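Asker: I have a structure here, written as C-alpha cells, and I will follow up with some questions on it.
The values are calculated or read from the model by the stated rules, or taken from the named source; none is laboratory data. The structure displayed is predicted, hence computed values, not measured ones. Here the Cβ positions follow ideal geometry from the backbone for every residue, glycine too, while neighbour counts run over all protein chains shown. Accessible surface is based on the protein model in full, side chains and every heavy atom, while ligands, DNA and RNA are left aside. Shrake-Rupley method; radii C 1.70, N 1.55, O 1.52, S 1.80 Å.
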Amino acid sequence: LFDDGNIVLRTAHQGDFIYVFIDNLSDITIDNKLDYAIICLDGKSEKSLLADDNDYCFMGIVGNKTGITYNGYSSSNDSFRKIPNDPKFIAIGEKSDDNDRYSELIHSSYEFKIPIKLIGRESSYGFYFSTYDSEQQKIFHWPESINFDKPYDIPSPSKWGELVSPDKSLPEFPVSLSVLIITMIVIVGVSRMKVNFRNK
C-alpha cells in the first residue's frame, strides 16, 4: 500500500480480519514502551469533522504484547476514547528480525489483526496511520499533508485519506457463495454424466 523508503505499510484481508503491517525502517533506535504506531479506520468513510462511533484507532507499542483500541464519539473536547480490546484483536510492536524483507538493519515493526466486525465490510474506508520514533522525537503521518507533532494526538477524520478494501475482497457478497455452489453442482453433475457414459 505505502512505501516511501523509510516507512512500509502493507494491508491484507483474510476471513474475518484485516491485517496491517508497518515497518518503520528509519527507527533504528528501539525504545520499549515509547515507540509506537497508530492506525485508524473510518467504517463509513464519512470524513466527519468529529469522530463518531464507526471511527476506530488501534495502537501498537514496542515491547507491549497488548495493543490499545480507541473509539470515536462526537465531542468538542476529546474525539477518541480508550475502550476494551476485542478478544480477537492483536497489536504487537517489536524490533525487526533477520527475516525482514525490507532492511537488514534492526528497526521497529508493528503488526495488527483487526476484527472486521468492528468497522464493517465496506469497499473503502477512511484511513490514517502514524509512527513515532521517541529517540528522534519524530512523528510520521499519512496522509503526509497532516502537519502536527504532538505524540498520541489523532487528527480529525476529515483529514484522513482513503483505503480501498485490502485485496478488493470486501464486502463479501452472498451472491459469490451462490455462484460457487451452482458451479460446484454443475461440475459434479458433468463428472457423473461422464462416469455413467464410460460405464455403458
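Asker: Looking at (1) in a loop (DSSP other than H, G, I, E, B); (2) at pLDDT below 85, which one does Lys194 not meet, given that it meets all the others?
Answerer: (1)
Asker: Right, next: Out of Leu9, Leu34, Leu41, Leu49, which single residue is open to solvent by 40 Å² or more (accessible area, probe 1.4 Å) and either within 26 Å of Gly120 (Cβ to Cβ) or at pLDDT 85 or above (or both)?
Answerer: Leu49
Asker: If you go through region 101-132, how many residues are open to solvent by 30 Å² or more (accessible area, probe 1.4 Å) and at pLDDT below 70?
Answerer: Here the count works out to 5.
Asker: Among the residues that make up region 172-188, is at least one of them modelled with pLDDT under 60 and in a loop (DSSP other than H, G, I, E, B)?
Answerer: So far as region 172-188 goes, yes, one or more of its residues are modelled with pLDDT under 60 and in a loop (DSSP other than H, G, I, E, B).
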